[in-house]
Amino acid sequence: MKTFLHQACVLGGFYFIISKILGRIPCVITSWVEWIMVFMLIVALMVLVYQKSFPVIKGFVQKYPKISNYVTALGVVAYFSFFFGFIPGAIDGYFAARAEINKTLYVSQFVTYLPIFTTLYWVVFWASIIMATYLSFVRNLIYKSGNK
């Protein structure tokens, strides 16, 4: 299970990095590429569920352990933003669309939680980067000095 979660976070980290780069390019084509990437991420995660391991990702993690810690940390941030940002936003959008169709007034409660979500997003981001730095550099220094 540990290998599965690590590889899923590495996939999410690659998605996070590429989507942030593509998000800076204002073009219709990049928005389509981002949707294709989302689809590819979902397919890759489903394949990972059945195979339990990707040899390419396993090779990347073994060859570049320090970089893979940071990519994994960014994957944690990507999944956090998906589960606590996109899913509640989609549910809220559904209720808003239903109210629009029924010609009723809908007051979103999701908007009141956006400042809290933004704060939590940055806390998770920096905590994961600090944890990746600890795993990549500080832990090795501690073990080399003999202070376990």
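The values are calculated or read from the model by the stated rules, or taken from the named source; none is laboratory data. Here the structure is a predicted model, which is why all the values come from computation and not from measurement. Neighbour counts are summed over all protein chains in view; Cβ atoms, including those assigned to glycine, are modelled from backbone coordinates with ideal geometry.
Could you tell me which residue of segment 54-95 is farthest from A132 (Cα to Cα), considering only residues that are small (G, A, S) and in contact (Cβ under 8 Å) with a residue 24 or more places away in the chain? Among them, the one singled out is G85. Taken together, the residues in segment 1-48 that are among the polar types (S, T, N, Q) and over 15 Å from the mean Cα position of the chain (by Cα) amount to 3. If I filter segment 106-117 for residues that are touching a Ser or Thr at 6+ places or on another chain (Cβ under 9 Å) and within 27 Å of T3 (Cβ to Cβ), do I get at least one hit? No, there is no match, as no residue in segment 106-117 is touching a Ser or Thr at 6+ places or on another chain (Cβ under 9 Å) and within 27 Å of T3 (Cβ to Cβ).
Entry remark, segment 104-132: residues being among the hydroxyl-bearing types (S, T, Y), in contact (Cβ under 8 Å) with a residue 40 or more places away in the chain and either closer than 22 Å to K66 by Cα or in contact with an Asp or Glu (Cβ under 8 Å, 6 or more places away or on another chain) (or both) number 1 in total.
Checked against the criterion of being at pLDDT 85 or above and surrounded by 10 or more Cβ atoms within 10 Å (Cβ to Cβ), the candidates F54, F83 yield just one match: F83.
So that you can scan it fast, the table gives a plain yes or no per residue for (1) among the charged types (D, E, K, R); (2) in contact with a helix residue (DSSP H, G or I) (Cβ under 8 Å, 6 or more places away or on another chain); (3) surrounded by fewer than 13 Cβ atoms within 10 Å (Cβ to Cβ):
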| site | (1), (2), (3) |
| --- | --- |
| K103 | yes, no, yes |
| Q109 | no, yes, yes |
| I116 | no, no, yes |
| Y121 | no, yes, no |
| I130 | no, no, yes |
| S145 | no, no, yes |
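Residues in segment 1-30 that are under 21 Å from S128 (Cβ atoms) and touching an Asp or Glu at 6+ places or on another chain (Cβ under 9 Å) were compared, and the one that is surrounded by the most Cβ atoms within 10 Å (Cβ to Cβ) is S19.
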